[in-house]
Each structure stands twice: as structure tokens, then as C-alpha cells.
1. Looking for something in contact with a helix residue (DSSP H, G or I) (Cβ under 8 Å, 6 or more places away or on another chain) and in a helix (DSSP H, G or I) - is there at least one such residue anywhere in the stretch A:55-77?
2. List pairs: first residue in the stretch C:143-160 and more than 7 Å from chain A (Cβ to nearest Cβ) and modelled with pLDDT under 90, second residue part of a loop (DSSP other than H, G, I, E, B) and crowded, with 20+ Cβ neighbours inside 10 Å anywhere in the structure, Cβ distance under 6 angstrom, at least six positions apart or on different chains.
3. Being within 14 Å of chain C (Cβ to nearest Cβ), farther than 20 Å from residue A:239 by Cβ, over 17 Å from the mean Cα position of the chain (by Cα) and among the polar types (S, T, N, Q) is the requirement here; does residue A:111 meet it?
4. Would you kindly identify the strands (runs of 3 or more DSSP E) lying entirely within the stretch B:1-40 that contain at least 1 residues that are touching a residue at least 40 places away in the same chain (Cβ under 8 Å) and either surrounded by fewer than 17 Cβ atoms within 10 Å (Cβ to Cβ) or of a type in the set (Asp, Glu) (or both)?
5. Filter the stretch C:263-283 down to the residues that are hydroxyl-bearing (Ser, Thr, Tyr) and either crowded, with 16+ Cβ neighbours inside 10 Å or within 14 Å of chain B (Cβ to nearest Cβ) (or both) and list them by number.
6. Looking at C:286, C:240, can you tell me which residue is modelled with pLDDT of 85 or more and within 11 Å of chain A (Cβ to nearest Cβ)?
7. Which of (1) surrounded by 18 or more Cβ atoms within 10 Å (Cβ to Cβ); (2) touching a Gly at 6+ places or on another chain (Cβ under 8 Å) is the odd one out, the single condition residue A:173 does not satisfy?
8. Filter the stretch B:189-220 down to the residues that are surrounded by 19 or more Cβ atoms within 10 Å (Cβ to Cβ) and touching a helix residue (DSSP H, G or I) at 6+ places or on another chain (Cβ under 6 Å) and list them by number.
Amino acid sequence: MLKRNKKTKKGFWHDAWYRLRKNKSAMFALFILGLLVICAIFADYIAPYPYSLQDYNHTFEFPSRKHLLGTDNFGRDILSRIIHGSRISLLVGFSSITTAIIFGGLLGAVSGFYGGKVDNALMRAMDILMAIPGMLLAISLAAALKPGLTNLVIAIAIADIPGYARVVRAAVLTIKEQEYIEASQCIGASDGRIIFKHILPNCLAPIIVQATLGMAGAILSASALSFLGLGIQPPTPEWGSMLSSARQYIRSYWHMTAFPGLAIMITIFALNILGDGLRDALDPRLKN
Amino acid sequence: MDNVIEIKDLSIQYATDEGIVKAVNHLNLQLARGETLGLVGETGAGKTTTALGIMGLIPDPPGVITGGEILFEGTDLLKLSKQRLRAIRGNKISMIFQDPMTSLNPVVTVGDQIAESIRIHEKLSRAEAALKAKDMLELVGIPGDRYGEYPHQFSGGMKQRVIIAIALSCNPEVILADEPTTALDVTIQAQVLDLISKLKKEKNTSMILITHDLGVVVEICDKVAIMYAGEIVEYGSLEQIYDQTAHPYTKGLFGSIPDIEAKTSRLKPIPGLMPDPSNLPEGCSFEPRCERSCQLCKEENPPLIEIGNGHFVKCHNYGKVGEGEDV
Amino acid sequence: MIRYIGKRLLMMVPVLLGVIVIVFTIMYLTPGDPARMMLGAGAPASAVEELRETLGLNDSYFVQLLRYIKNVVFRFDLGQSYASNKPVINEILERFPKTILLATLSVTISVIVGISMGIISATKQYSIFDKIATSIALLGVSMPTFWAGLMAVIIFSVHLRWLPASGSYGWEYWILPSLTLGLSSSATIMRMTRSSLLEVIRQDYIRTARAKGQNERVVIIYHALKNAMIPVITVIGMRFGALLGGSVLIESVFAISGLGKFIIDSISMRDNPVVQGGVLLLALSFSICNLLVDILYGFLDPRIKSQYSISRKRGWRRNAQAQ
């Protein structure tokens, strides 16, 4: 039974990957994300200048051959700072979503699996968190915690937990009704074993889709918080905080504002397309 | 007898990812005034597609009518403008759908859904249409004061009555009933069938009844057309089809019905499945399942030939040795 | 229906109490001494201590929490602003209309643009318009709103000089912020409308409507849209929450002295009562908006409405009789 289940599952992922590969825009998005990851890992080698190198003879330069995207108020190369900034954005996006999925997923799984009072209590708690608009909750949390990378991740993750808890709970409720869960209960498997071995792996498809789209949201929130001065602080190169410092020069030097924002947009655009593609690939019935 | 509907050489295809599906192939069919024609066949034989073709409701894309004519009182429906066609649809020709659960709009009251149909085709005020819709409800056996209720407040059988009321609201010349009782409980099936045939007789309407249930056909049909893989394989009066069964497929259909009085202890199901409509055989489409297939059947698709007064069959082997053998 | 609304209002009470607890706790944990902040770095320690005592900051967490809840619930008293020494409730209500105006303008724009584009896209699926509109919508979803605001300032204020870049002194000041917020959230609504309508158009009851001979425009507007709107309404409600959050950023970008900007400014001044009160008010508006969405559901979908009225029972009994 278990073996056969595994076999069909492999087939499922195989099919999904096949469908995804046929989706040109999703593959393009994957390519862009791959480039971004490479940028983030090898930033030191790819960036034309060190990100903190100040050159007071060449401040506020518009894009030129020497500085492809121009320089900022300290004469730092904007392209290099954007390349380095990809590190923080991807890191914040990835780790906050992972944190949110772990906690939200666990809460949702427990809630859906046990039902009854546990479910009721947990879901009312999630309702309370969801009653505060997400951005506002993240802002308050970021304000309460000291500014910095870890706290930024925590603030965004907490604001995202209720969403994942709901997705996983819904998935668990559907899967719980399936007969193989009943079968493993019959052979005396423990609750923990059923949750981790059977239920969570089967929730993977909706979680993956939600996580891809959620990572886009997390990167947006991170840049917004940094823009408000509640996240990553200058001089660390981060897209949102670059925009924050560019603001005062908005009247004269558009390039300082335009390019970091464009970097955010491209990243999120790619994640959104990939998320849509994954949804179509993982659940072909939903496709229009 | 004058024909209300005459279908000539109709072909309908669907373009899908897996290739072109030939749902209806060179179909010929006549429906005389006042007559009830049973269109019988397995799921996927192209019955519903034919009906939707007459209504001009083939979903496009992916469906395309690739050839033929559908004459309604002498005019070709396929050549009419969308506007002229809309004036006929629901007014002169109307359709009763298969699944009453999904065929009514859940957010509009049943009364309004009937009145809508009336107001499209008759110049009536809102109030007059509502009054007439109430009459229609009463006609199909639903109290008129349930006009303002929503579909979810009705049972399946009641919903099907509402759909019948919609279809009959403009006194159509022709009703296309697409398996009107398949989705209902057996006891309700009989009620709904009785209702349909009673109303049909009262208004002298012609009807095409699509079904896969030969028992239903015996009860209310005058003529029968047996459909297989998008083609008519046998056509004739009820008596001709039942007593002088000519096509091997029709025989197979009868062989698949349990008969309480028969002495045989086993049913004789037709072996195999209907051919893939995107990959039809070159010869006769029934050949792969036919116990009497011959070389000619493999090579050439037989024409529909008349073998008796209005009795047609599409088989190379008709009249050859072995004819008249019992089913 | 009235019973339903009453029930929903009752359900809001524990949620809002929970929100108060969460917001209070977050602010309680925020580092920094408000008393020190108010008196300045040069003030003597004894004066700071005295102020802490007056403000009740030396009490335990629970004492402070209970006092806060008591004041909010029974007296609508959100405390005094540390910065201005005025009641917080007056301070935030003074700024709230601007936030509401911005949110309402943006929601209106996003609903009009989003739904109409969604309808055109769905009815002309795979056409060039559909392809362009869906791509633009995807770009819109991906654009950080505050950046879109900054770019709008660069293009329309700095370079074209068409519209003012910041402040809120007349109608022309609202154009850029509400268009930025509205258009960016219209993208989400457009995507939802499109996919929901495409789903509905495939339903059997749409075929029934066409079979009546109804013309295509009425089929879409009368039959399909009402059904398709049900999930779209949910998204609009959620967008309203996002707009309240997003208005914080947009108000900062365009220097509109609304509630959002007030909250951000108060965070940097450690003016905890203002932040608490502000977040609470926004959460309350969000909850009310969700309630309105639920009521709207009832009007759109008779299946929901009848769960709360007696006609359903009557219907059942009748059905039983008829059969």
C-alpha cells in the first residue's frame, strides 16, 4: 500500500514537472530567479564595484558606461548595490516564508487533524491575527523588535502565519477524509506519524504554490518595512532602504529611485509567474 | 407528412489537445410535425452534440460545424444570423437539459427564470410575463406562489419541472429533451416523463427525445433513430426497430437489456468499447465490435439504405445470409 | 438577515478584544522609555521616574493591560498622546477622514477598473486585449505600491508638472495617491474577476440562458456576473484591508497627514498610545468592512441568505408535500 502510494506520488511530481516545463513563461520566470540566486551567491564576483566603495568625485551620476545604473549620493555604484541587495531580499523572503510555513503549517495541521476545541481555539486566534491588516501587523511588530535582519524576518513571518495555517488546515481536512488515513489509523499508527508521514506530504502541492506567491509578498513587505526605516538600515544595501535614501533626491535624480524598485518588481514578477505556473502544473483542473 | 426538422449531412467536430474529435459525422435525420423521435445511443455517441447543433449552442471554440444543413420549417438554421437564430431559440425550438441540478441559475428566482424566457420572445410587460410564468409553474405541477423561490429550495424533480416550464413557456414547435430523466430518482423519472408526453400531446409539439434507455423509448416515441459514433445506424418507426431489428448494434442494445420473461439466463452485452472519436476506423465504425464483420466492412463505410417503408439501416450485411436470426 | 448581522456583530467582539490584547502587548514589548522620550535626554532621573509613576508605566503588564481594556471598552478612552498630551481618540479621529477618503477613492477606482477589465478579458479570452490586460495586471500585482507612487511623482509631478507631489490641500492632491493605490489593487480584482467569470461561463445554467434565446450581453451581465461576483467580493474586502495597510505607505510617500502617516511618525517617537489606538481603529474598520462583505454575500447568494431565514424550512415542507 505504502509502496504503491509512493509510486503514484512520484508520477504526480513527474507529471507536474512535465507540465511546468511546457509552460514557457514559468520556465522564463525560473530562469530569472536562477539568475537572481546566482547574483546573490556570487555577488562579490559579479558586482563591478564593492558595494560600499564611496567616490566623492562621482556622486549622483546618471547611468553611463562606467556606472551602468549610475551612482548614489555617496558616489556608490547602484548596480553593485542592487546585486548585493538581492542577497538580503532573497534571504528575507526565503527565511520568513520558511518560518511562517513551519509554524503556520504545524498549527494548521494540528487544528485540522484534531478538530473540535483545539481547532476552534487555534482558528479564533488566527482570526484575531487576521483582523489586523497584514502590513500594519508587520509594521507594529517591526517597531516593537529592534531593526535588523532577524527581527525583520520574524515580523514578516508572524504576519504570514495565519494564511498558511488556513491553507494547511483546509488541505488536512480534505485529506483526513481519505481512506488511507483511516487505514493507517487501523494499523495503529500514532497521530504524529500520521501527520508527518501521510498528511503533511500530501499538503505539499498547495503549500508550494502558496509559498511561491507568499515569497513574493514577503519580499514586498520587507522592502516596504525597510523603506519606512523599520527594517534593514542603511548603509546595508537593501532595495527598500535604497529607495528610502533615494527619496530625498527624487526631484533631481530619478535613477536612484527607478532601479532598485525595478529590481523588486522583476523579482516579484518572476515569483508570481512561477507561482501561477506551479498552480496550473500541480492542479491541472484549476486551469482556465 | 411535413418535416419540422430535417438534418442533412451534418458534421460536427471538436478541436482538442489530443486531436480532432469527430462527434457527428454526415448525419441525416427527419422529424415530422407532432411526432416524437427517440435518439438512442451510448454515452459519447454524439446525441447531445446533435441537439446542441440544432440549437446553435455548440461551444465554439472548440466545436465547429464542418458541414451540412439543419432545416427548420424549410430554412437552414446554420445560415441564419445570430439575431434571427436567437429569435427561434427558446421560442420555436427549445431544449430540456440533462442535469436539473446545474441547469438553473442559483441566484435568480425560478419564476424570473421562466419569465425571462417569455419576455425575450413575447412583447409583454414585466407583470404580464410574471403572471404567465406563474401559469407555467402551475402547468408543470408547482404551486404558483413559489415563483419567488430560488433553485436551491427545490428538489431535483421539481427543478426539472421548472426547466420543462422554461422550455415550454413560448409554446415551441420542437422540444429537444436531452436525457431529461437520467439525473432523477426512478419514481420521479416516471412522473416527469408523463408530464412531458402529456404537455406535448396537448400542444401538438414535435420532440426529439435523447436517451440511452430503450424502455423510455417504447413508452413515448413514434420513431427511433439509433446513433453510434456520430452516425445514424438504424432509423425507423418504433415497431420496425423493435420487431424488425436490422442492425447488429441495435440487436446488441436489445441483447443488453434484462428481460424478465426471457428464458435465457445471461445477458448478451456488446463486446468492446465505442471507437475513439478522434481516431475513427476507416470502414464501418461498428466493425471492430461486430460479430458479422467482413472484409468490405473494414474497407468501406456502408451507406444508409432504405429496407422497408421508412426503415433505414447502415450495414453492408443486411439481407445477406443469416438474416432474421433471433437476438 | 437581521439575526445574521447581529450574530456577526457579536462574533466581532471577542476578535476585537483579542486585537486589543495583541496590539497592547506588541507596544508593551517595544523597547525605549516613553517617559525619557517625553522629557528629553537631559532631564533628571527623578523627574523621569515621577512621570513613569504618573503614566502608570511602573505597574505590572496585567494591571496595565486591564486598565487599557477597561478604558477602551467602557469609555472609548485610548489614553493620552505622549507627544501632544491630547487624548489619542481626538488625535486619530482628526486624521482618520483623510485615510478613509483615500481608501474609498482607491477602492472605487480599483473596483471600476478591475471588474470592467476582468469582464472584457474573460469574454474575449485569448484575444490580444486579454493577453495585454492579463500581462499588465500581473505587472501591477508585482509592483511595490510605494515605488509606483514614487515613480508617479517623478513622472507626473517632477517631469510633466501636471500634479502636486505631496500634501493634501485640494482635490488635485488626491489624484496621484488614489490612482496609484487604486490601479495597483485593481490588478488583483481584475485577475479574480476574469478567472471567476471564466469559471461561471462554463456552467450549465449559462447554456440554459443562451438556450432561451437571450442575447449574449444580458447572459453575461444578468446571469454570469452575479454568480461570478461572489468570490470577487471576498477579494475586494481583502483588498480593503490591504489598502488600509498600504495607505500607511502611500500617505508617507505623498505626505498626506492621515492616520497611516500618523502611526508611522508616532512609532519613531515611541508614542505608544497613538500607535495602539491607530492600529486598533484600522483593525476595527477592516472588521466592519469584512462584515459588510458578508452581508453583501447574503444579497448576492440566496443560498447563504436562506440559512438565516424561515423560508427555507417552508420550502422543504412544500417539497415533501409535492412529492
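1. There is no residue in the stretch A:55-77 that is in contact with a helix residue (DSSP H, G or I) (Cβ under 8 Å, 6 or more places away or on another chain) and in a helix (DSSP H, G or I).
2. Short answer, once both residue conditions are applied: C:157/C:165.
3. No, not satisfied.
4. Ranges flagged: B:3-16, B:19-32.
5. C:266
6. C:286
7. Failed condition: (1).
8. B:192, B:207, B:210, B:220
The values are calculated or read from the model by the stated rules, or taken from the named source; none is laboratory data. Remember, it's a predicted structure, so these values are computed and weren't measured experimentally. Backbone-built Cβ (ideal geometry, glycine too); neighbour counts: all protein chains shown.
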